[in-house]
Amino acid sequence: MGIMAHELRTPLATVSLVGEALVNLEAARPADAPPLGLKPLSQRLQNVVRLMNRQIDTQIINARLLRLPDH
């Protein structure tokens, strides 16, 4: 389960960084430039990443609960 979590979280971290880059891109534009509307997209990406990480955490907890005792 740990390997699967790692494999899923790696691309999620990349998506999170893209969301941050979108906010930085919007902030770097001149004040008189029309907004690109990237902040809502960035917020949606961050929400999806947060939800997916929560799902991964839940699956790890469930896997630990389902383990049979050693004896």
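The values are calculated or read from the model by the stated rules, or taken from the named source; none is laboratory data. Predicted model, so just to flag it, every value in this text is computed and none were measured. No Cβ is skipped: glycine too gets one built from the backbone with ideal geometry, and neighbour counts run over all protein chains shown. Surface accessibility is based on the protein's heavy atoms, side chains included, excluding ligands, DNA and RNA. Shrake-Rupley method; radii C 1.70, N 1.55, O 1.52, S 1.80 Å.
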Restricting attention to the range 9-27, the residues that are open to solvent by 80 Å² or more (accessible area, probe 1.4 Å), of a type in the set (A, V, I, L, M, F, W, C) and modelled with pLDDT of 90 or more number exactly 1
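Residues are listed down the side, and each one gets a yes or a no for (1) under 21 Å from residue 2 (Cβ atoms); (2) in contact (Cβ under 8 Å) with a residue 12 or more places away in the chain:
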position	(1), (2)
26	no, yes
29	no, no
32	no, no
38	no, yes
41	no, yes
46	no, yes
54	yes, no
58	yes, no
67	yes, no
Worksheet item: Has the range 42-49 got any residue that is modelled with pLDDT under 90, loosely packed, with under 13 Cβ neighbours inside 10 Å and of a type in the set (S, T, N, Q)?
Response: no
Among residues of the range 52-66 being open to solvent by 90 Å² or more (accessible area, probe 1.4 Å) and closer than 18 Å to residue 11 by Cα, the residue farthest from the chain's Cα centre (by Cα) is 55
